[in-house]
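Heads up: the structure comes next, in structure tokens.
The values are calculated or read from the model by the stated rules, or taken from the named source; none is laboratory data. All values reported here derive from a predicted model rather than from experimental measurement. Note: ideal-geometry Cβ built from the backbone for every residue, glycine included; neighbour counts use all protein chains shown. All accessible areas refer to the heavy atoms of the entire protein, side chains included, with ligands and DNA or RNA removed. Shrake-Rupley method; radii C 1.70, N 1.55, O 1.52, S 1.80 Å.
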Amino acid sequence: MWRRVASVSHLFSHSKSTKFNQGASTFKIWETFTSESEIPTPSKGSPFITFVLGGPGSGKGTQCAKIVEAFGFTHVSAGDLLRREIASGSAYGSVILSTIREGKIVPSQVTVELIQKEMESNDNYKFLIDGFPRSEENRKAFEQTIGAEPDVVLFFDCPEQEMVKRVLNRNQGRVDDNIDTIKKRLEIFDELNWPVINYYSQRGKLHKINAVGTVDEIFEKVRPIFAPLRYILLFCYPVCSICCH
Ligand SMILES: Nc1ncnc2c1ncn2[C@@H]1O[C@H](COP(=O)(O)OP(=O)(O)OP(=O)(O)O)[C@@H](O)[C@H]1O
Ligand SMILES: Nc1ccn([C@H]2C[C@H](O)[C@@H](COP(=O)(O)O)O2)c(=O)n1
Ligand SMILES: [Mg+2]
């Protein structure tokens with residue numbers, strides 16, 4: 001069942017005009033209700049944004065691949081964009097590399113700019129933004145620069161011991177996949193990511209998923225979050241002629 005609930009103009013009133021927020025004030029948020037949870041569908045004219053949160057090795061990237069396959073999102077991994085920037089030999093490369101090696105967070109301006117470029121160069125209107133925001137500073141920078149908020153926030157909740165085990169077994173040659181950097185990343189996660197998780201929880205956008213189990217078992221907990229949106233995600237973006245008026 002669909003219900004129109006509110007104008008979204010307030011989301012964009014203080015932000016710059018971007019590809020994603022032009023004309024947004026004329027559109028409405030719609031809500032769908034399922035027996036399991038209430039899931040807000042997006043504002044028409046802006047992209048459907050899902051933030052994917054979780055500690056290092058919690059399985060964010062692995063689950064994003066499954067969500068892309070099932071629901072047609074574009075996967076934007078903040079970590080991958082930063083690693084690509086290092087590999088490209090850009091001016092920021094060496095600072096990003098040393099920040100990642102130390103398990104710290106790259107300044108938001110750099111990361112948000114990379115995410116913005118990636119989103120704007122893509123025709124899709126459904127994005128999974130993986131590993132972002134890692135801090136309140138990240139979150140605020142995204143809102144100000146992109147001029148949009150996430151529709152859904154996934155949080156993969158995984159015990160530390162399991163995360164450490166997964167990262168040490170990952171074997172992808174990442175400079176941060178060693179025990180010293182992992183310890184630092186876990187500390188930074190505890191200090192900076194929890195405020196973001198609590199923020200979205202208070203706004204009713206957070207879906208906390210127990211990330212222990214097989215990849216398929218975990219995906220079966222993710223699927224019901226997007227399944228009710230399947231048709232609107234496929235046919236209503238950026239705007240359709242049937243229900244979007
Ligand atoms: N449910 C699972 N059970 C066991 N291993 C898993 C599971 N999900 C993912 N893995 C493995 O754990 C490792 C980390 O997974 P992944 O790269 O998806 O985590 P991540 O949250 O993206 O981590 P990071 O924040 O460091 O990028 C990978 O080698 C992956 O194959
Ligand atoms: N918002 C972000 C995302 C990532 N980074 C840096 C620091 C992380 O340890 C590293 C790897 O990210 P991952 O692939 O684990 O998502 O990239 C950041 O500074 N800010
Ligand atoms: Mg990852």
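Summary of values
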item: Residues that are assigned to a strand (DSSP E or B) and within 10 Å of ligand 2 (Cβ to nearest atom), drawn from segment 69-105; result: 77
item: Residue check, residue 104 surrounded by fewer than 22 Cβ atoms within 10 Å (Cβ to Cβ), within 16 Å of ligand 1 (Cβ to nearest atom), modelled with pLDDT of 95 or more and under 20 Å from the mean Cα position of the chain (by Cα); result: yes
item: Test for residue 148: is it open to solvent by 60 Å² or more (accessible area, probe 1.4 Å), farther than 30 Å from residue 217 by Cβ and at pLDDT below 95; result: no
item: Any hit, segment 129-147, residues being within 11 Å of ligand 1 (Cβ to nearest atom), closer than 19 Å to residue 76 by Cβ, in contact with a Lys or Arg (Cβ under 9 Å, 6 or more places away or on another chain) and among the acidic types (Asp, Glu); result: yes
item: Qualifying positions in segment 45-68 - hydroxyl-bearing (Ser, Thr, Tyr) and part of a helix (DSSP H, G or I); result: 62
item: Number of the exception - residue 211 against (1) touching a strand residue (DSSP E or B) at 6+ places or on another chain (Cβ under 9 Å); (2) at pLDDT below 95; (3) small (Gly, Ala, Ser); result: (2)
item: Residues of segment 172-188 satisfying the condition of being within 9 Å of ligand 1 (Cβ to nearest atom) and either modelled with pLDDT under 95 or part of a helix (DSSP H, G or I) (or both); result: 182, 185
item: Restricting segment 120-163 to residues that are hydrophobic (A, V, I, L, M, F, W, C) and in a strand (DSSP E or B), the residue that is nearest to the chain's Cα centre (by Cα); result: 129
item: Pair list, Cβ < 6 Å and 6+ apart or interchain, from segment 97-119 residues that are farther than 20 Å from residue 177 by Cα to residues that are open to solvent by less than 30 Å² (accessible area, probe 1.4 Å) and near ligand 2 (Cβ under 8 Å from one of its atoms); result: 108/138; 111/78
item: The listed residue being at pLDDT below 95 and open to solvent by less than 10 Å² (accessible area, probe 1.4 Å), out of 126, 44; result: 44
item: Filtered residues of segment 157-183 (kept if open to solvent by less than 50 Å² (accessible area, probe 1.4 Å) and in contact with a helix residue (DSSP H, G or I) (Cβ under 6 Å, 6 or more places away or on another chain)); result: 164, 167, 176, 177, 182
item: Residues (open to solvent by 70 Å² or more (accessible area, probe 1.4 Å) and under 16 Å from the mean Cα position of the chain (by Cα)) located in segment 196-207; result: 198, 203
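Here's the yes/no breakdown for (1) within 20 Å of residue 162 (Cα to Cα); (2) within 16 Å of the chain's Cα centre (by Cα); (3) within 15 Å of ligand 1 (Cβ to nearest atom):
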{"position": "194", "(1), (2), (3)": "yes, yes, no"}
{"position": "209", "(1), (2), (3)": "yes, yes, yes"}
{"position": "215", "(1), (2), (3)": "yes, no, yes"}
{"position": "220", "(1), (2), (3)": "yes, no, yes"}
{"position": "230", "(1), (2), (3)": "no, no, no"}
{"position": "235", "(1), (2), (3)": "no, no, no"}
